[in-house]
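Below is one structure, written out as structure tokens; comments come after it.
The values are calculated or read from the model by the stated rules, or taken from the named source; none is laboratory data. The structure presented is a predicted model; accordingly, all values stated were derived computationally and were not measured. Here the Cβ positions follow ideal geometry from the backbone for every residue, glycine too, while neighbour counts run over all protein chains shown.
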Amino acid sequence: MIYTCTLNTAIDLYVAVKELKPDTVNRTHDEDYQPNGKGVNVSIMLKKLGIDSVSLGFIAGFSGKYIEDSLRDLGIKTDFVKVDGITRINVFINSTEEYKIVNQGPMIQPNEQEQLLAKIKAIPANSILIVSGSLPKGVPESIIIDIAKICEERRVKLVLDTSVSTVIDTLPYKPFLLKPNEEELANLFHKQHPLSESELIKYGMKLLKKGAQHVLVSRGKEGALFLSKKDLLKATSPLGQVVNTACSGDAMLATFIGKQIQKHTLEDALSHAVATGASTAFSKGLSDLTDVPDLLEEVTINPIKEALT
């Protein structure tokens, strides 16, 4: 079974305006509301692929109930910890440029954090736990280390997709997969962003040497890099009109994990992951997958050594 954990759930409000002007009423010509948070996105995309998961995390107030109801309507099981306050509502504005307004969310109390850790301790061995996104108020970065320890003890495959700096401290517990983007990978090693492709490979390999079992580096329009002790691959990305990049990394991760669960080859899983991430970037929200077959034709996979020669 796959479990996703969204520590800082959200509703994403997508709006489109011809031009965003100060000191005036900006009327939208398009809008969309979506249950969100990176782990929530992963659960939704897995469901689109026909794969069940259980969504964990914190929710609060009317907006949290909207997220839980929306997931249940999609047939996704939930096991959230309910807290006081209101789950955050983020705003993404598509105009002459893309604007992202991301709120903080409710304060999470220590006893509520313990409730979530207890749920993680109950995850059966050999399951996959995908922990994605930022931390809400009140939650220390050390919770990522606590989760990694639990997963190693329980023999749960831990996948991490978060900018939290303590990801580097989870490596002794051998996380199954890390999915940093380029900036997050640079930050883990206190390096200036952007890094060159060879530097990305260098620091990705360092994560492997320190204990990570697999590393997937998402690179936006440049595609992705996959690194493990057995395979070093580079994927190019299709090009298109970007509408909203907020969920593309989540779509990539869900598809990469999902396709391997469905017994696709590593190369095929990576191709689908990059194509689905691009499709999502070209959409208001998560891809509906209709354009993925066409986008797949634009994806190329090469061994990294060949790609760098």
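For segment 145-153, state whether one or more residues are modelled with pLDDT of 95 or more, over 27 Å from Val83 (Cα atoms) and not hydrophobic (A, V, I, L, M, F, W, C). Yes, there is a match, as at least one residue in segment 145-153 is modelled with pLDDT of 95 or more, over 27 Å from Val83 (Cα atoms) and not hydrophobic (A, V, I, L, M, F, W, C).
Does Tyr99 satisfy the condition of being touching a Pro at 6+ places or on another chain (Cβ under 8 Å) and either without any contact (Cβ under 8 Å) to a residue 24 or more places away in the chain or under 26 Å from Gly285 (Cβ atoms) (or both)? Full working, then the answer.
Working: touching a Pro at 6+ places or on another chain (Cβ under 8 Å): no; either without any contact (Cβ under 8 Å) to a residue 24 or more places away in the chain or under 26 Å from Gly285 (Cβ atoms) (or both): yes.
Spelling it out, it is not the case that Tyr99 is touching a Pro at 6+ places or on another chain (Cβ under 8 Å) and either without any contact (Cβ under 8 Å) to a residue 24 or more places away in the chain or under 26 Å from Gly285 (Cβ atoms) (or both).
Screening Tyr99 against (1) buried (at least 17 other Cβ atoms within 10 Å of the Cβ); (2) outside any helix (DSSP H, G or I); (3) out of contact with any helix residue (DSSP H, G or I) (no Cβ under 7 Å at 6 or more places or on another chain) leaves a single unmet condition, (1).
Conditions (1) exposed (fewer than 14 other Cβ atoms within 10 Å of the Cβ); (2) free of Cβ contacts under 8 Å to residues at least 60 places away in the same chain; (3) out of contact with any Cys (no Cβ under 8 Å at 6 or more places or on another chain); (4) not hydrophobic (A, V, I, L, M, F, W, C), marked per residue:
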site: Ile67; (1), (2), (3), (4): no, yes, yes, no
site: Ile93; (1), (2), (3), (4): no, no, yes, no
site: Glu114; (1), (2), (3), (4): yes, yes, yes, yes
site: Ala118; (1), (2), (3), (4): yes, yes, yes, no
site: Ser127; (1), (2), (3), (4): no, no, yes, yes
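Residue selection: Ile86 fails the criterion of being hydrophobic (A, V, I, L, M, F, W, C) and in a strand (DSSP E or B).
I'd like to know if segment 242-254 contains one or more residues that are free of Cβ contacts under 8 Å to residues at least 40 places away in the same chain, surrounded by fewer than 23 Cβ atoms within 10 Å (Cβ to Cβ) and not hydrophobic (A, V, I, L, M, F, W, C). Looking through segment 242-254, none of the residues is free of Cβ contacts under 8 Å to residues at least 40 places away in the same chain, surrounded by fewer than 23 Cβ atoms within 10 Å (Cβ to Cβ) and not hydrophobic (A, V, I, L, M, F, W, C). Scanning segment 13-43 for residues that are β-branched (Val, Ile, Thr), in contact (Cβ under 8 Å) with a residue 40 or more places away in the chain and closer than 26 Å to Ala60 by Cβ gives Val15, Val42.
For Asp30, the stated conditions do not hold, so it cannot be described as crowded, with 20+ Cβ neighbours inside 10 Å, modelled with pLDDT under 95 and either over 28 Å from His264 (Cβ atoms) or among the charged types (D, E, K, R) (or both).
The single condition among (1) without any contact (Cβ under 8 Å) to a residue 24 or more places away in the chain; (2) buried (at least 20 other Cβ atoms within 10 Å of the Cβ); (3) of a type outside the set (S, T, N, Q) that Asp294 does not meet is (2).
Looking only at segment 52-100, residues that are modelled with pLDDT of 95 or more and on the phi < 0 side of the Ramachandran plot come to 34 in all. When segment 156-212 is filtered for residues that are more than 19 Å from Asp250 (Cα to Cα) and aromatic (Phe, Trp, Tyr), the ones remaining, listed by number, are Tyr173, Phe189, Tyr203.
Can you find, within segment 34-53, the residue that is farthest from the chain's Cα centre (by Cα) among those that are assigned to a strand (DSSP E or B) and under 13 Å from Asn244 (Cβ atoms)?
Applying the first criterion (assigned to a strand (DSSP E or B)) to segment 34-53 yields 34-36, 53.
Now drop any that are not under 13 Å from Asn244 (Cβ atoms), which leaves 34, 36.
Values: Gln34: 15, Asn36: 11 Å.
Selected residue: Gln34.
Just checking, which of Lys263, Lys259, Lys305, Lys229 is touching a residue at least 60 places away in the same chain (Cβ under 8 Å) and exposed (fewer than 15 other Cβ atoms within 10 Å of the Cβ)? Spell out how you get there, then give the answer.
Working: Lys263 fails: touching a residue at least 60 places away in the same chain (Cβ under 8 Å); Lys259 fails: exposed (fewer than 15 other Cβ atoms within 10 Å of the Cβ); Lys229 fails: touching a residue at least 60 places away in the same chain (Cβ under 8 Å).
Of the residues listed, the single one that is touching a residue at least 60 places away in the same chain (Cβ under 8 Å) and exposed (fewer than 15 other Cβ atoms within 10 Å of the Cβ) is Lys305.
Counted as qualifying within segment 207-306 are the helices (runs of 4 or more DSSP H) with 2 or more residues that are more than 24 Å from Pro35 (Cβ to Cβ) and either of a type in the set (Ser, Thr, Tyr) or within 21 Å of the chain's Cα centre (by Cα) (or both), namely 266-281, 292-296.
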